[in-house]
Amino acid sequence: MARSARPRSATIKDVAAMVGVSPMTVSRVINDQYGVGAETRAAVEEAVRALGYTPNVAARSLATSAEPKIGVIYSNPSAAFMSDFLIGVFEEASARGVRLVLLKGEGGKPPAEAQLRDLAASGVAGFIVTPPLGESRAMLELLGETGLPMAAVGAHAVENAICVRIDDRGAAYEMTRHLIDLGHRRLGFIVGNPDQAASAERLAGFYAAVREVNDVRTTVAQGDFSFASGLSAAEQLLDASEMPSAIFASNDDMAAAVISVAHRRQLDVPNALTVVGFDDTPAAVMLWPPLTTVHQPVRALASEALRLLVAEIAAVEAPPAGRPDRVLEHSIVKRQSAAVVAPDPAAVSAAAE
């Protein structure tokens, strides 16, 4: 005889849908916080009873904890990016008396569902997620069931989350214009993780700049933000029928890989090949030559995400739907890996004749 399926337990979203309010409002009622009217409070409490919803300890608020905890969920292939991120978030947590609980996924993938549920049940008051996890739909839906606030760093327009990022498209546009202004007309571009909106935005910025100049030729290779992917992408670009005079990699790790391949091929950087990156991680100044790159203020992004998350947890009023992304400033840092394009030997020879 077939066993009957075990009935699904009610979630905070079920309660919210029954009453017609947000999960945050339900969480405020459960935690006996201010900011909910008597009629709404009574309706939520009735729905909780009717559905048999049992909140876990993750529904505790910042105000009820002597040492509030924030869950930090990360899985990023760039050690340099994560080093900067963790410094920023730890410094902000120390200043605000917040304890961080770290949960790591592997290979750019989210942690296992059981690990995420254990974190949510540990009494955290909210979550911070790092790229690329800010765009993992399955993970975000699971975390959303808790009704707890969440901040996504580097993500674009994630529903029911605080998004803190830079203008990826604008930054890539500016860097590409810099290469064009140096005289480069054969441009290679290495795309980042295809599952991240930032990758598509950076590629769009690259093409936006290219379209402004008639004689620019482009070659694009796929990466995933890891050094290893940068190695294979660099080989592909440098083996192209028309080798680029400049390669723009979507992060510093992949740019470092391009420089490594160039050195192995005895290509002088920047005189034979200009290489630029994105992020301005510590690795950018450890390379030879030091890397021209987009400065993304990773520490400030992490710090701002935690600041906004703590403010939302402590707020009396629930946040408005569709809150705008928080966009921080970027800049172009010019170092020795980029130079004016070298003359085409064939053109020089033709002119001499």
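Read-outs: derived from the displayed coordinates by stated rules, not from any lab. Computed from a predicted model, the values in this text were never measured in an experiment. Glycine also receives a Cβ, built like all others from the backbone with ideal geometry; neighbour counts cover every protein chain displayed.
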So, with points 7 Å from each Cα along the Cβ direction, the Leu51-Val213 label distance in nm works out to 5.6
Among (1) 63, 47, 42; (2) 78, 47, 33; (3) 91, 56, 33, the entry that matches Cα extents along the principal axes in Å as calculated here: (3)
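Quick check on the exposure proxy: order His295, His178 from fewest to most C-beta atoms within 10 angstrom. Please list the in-between numbers first.
Numbers: His295 17, His178 20.
Lowest to highest Cβ neighbour count: His295, His178.
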Grab the DSSP H runs of the chain that are 4 residues or longer, score each as -39,500 (n - 2.57), total them, divide by all residues and round the 222 nm result to the nearest 500 deg cm²/dmol. -12500 deg cm²/dmol
Can you find, among Thr218, Gly205, Val15, the residue farthest towards the positive end of the dipole of the chain? Put +1 on the C-beta of Lys and Arg, -1 on that of Asp and Glu. Val15
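Starting with the highest mean, order 85-95, 326-336, 271-281 by the number of other Cβ atoms within 10 Å, averaged over the residues of each peptide.
Working: 85-95: 18.5, 326-336: 15.1, 271-281: 24.7.
Taking the mean over residues of other Cβ atoms within 10 Å, the ranking is 271-281, 85-95, 326-336.
Quick one: putting +1 on the C-beta of Lys and Arg, -1 on the C-beta of Asp and Glu, what dipole do you get for the chain around its Cα centre, in Debye to the nearest 20?
Details: 31 positive and 40 negative charges, 156 e Å.
Using Cβ point charges on Lys, Arg, Asp and Glu, the chain gives about 740 debye.
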How do Met139, Met243 line up, fewest other C-beta atoms within 10 Å first? Met243, Met139
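Counting other beta carbons within 10 Å of each Cβ, put Phe127, Phe206, Phe227 in order, fewest first.
Phe227, Phe206, Phe127
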Highest GNM mean-square fluctuation, the chain, Cα pairs closer than 10 Å: which of Glu212, Glu304, Glu174? Glu212
When only C-alpha pairs under 8 Å and at least 6 residues apart count, what is the relative contact order of the chain, in percent? 18
If the reach is capped at under 30 angstrom between alpha carbons, list the lysines near Lys13, excluding any in the same chain fewer than eight residues apart. Lys69, Lys104, Lys109
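What net charge do the residues around Val210 carry, taking every other residue with its C-beta under 14 Å from that of Val210, with Lys and Arg at +1 and Asp and Glu at -1?
Spelling it out: positives minus negatives among the neighbours equals +3.
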Against the longest principal axis of the chain, how steep is helix 79-96, in degrees 0 to 90 to the nearest 10, with axes from Cα atoms? 40
Considering the dipole of the chain built from charges on the beta carbon (Lys and Arg +1, Asp and Glu -1) around the Cα centre, which of Leu140, Leu119, Tyr74 is farthest to its positive end? Leu119
Per principal axis, largest first, the Cα atoms of the range 142-245 extend in Å by 53, 29, 15
Two-site FRET efficiency, Glu39 against Asp195, from Cβ-Cβ distance with R₀ of 41 Å, rounded to 0.05: 0.40
For the range 193-200, what does the Karplus curve 6.51 cos²θ - 1.76 cosθ + 1.60, with θ = phi - 60°, yield as ³J(HN,Hα) per residue in whole Hz, taken in order and with x for Gly and Pro? 3, x, 8, 10, 4, 4, 5, 5
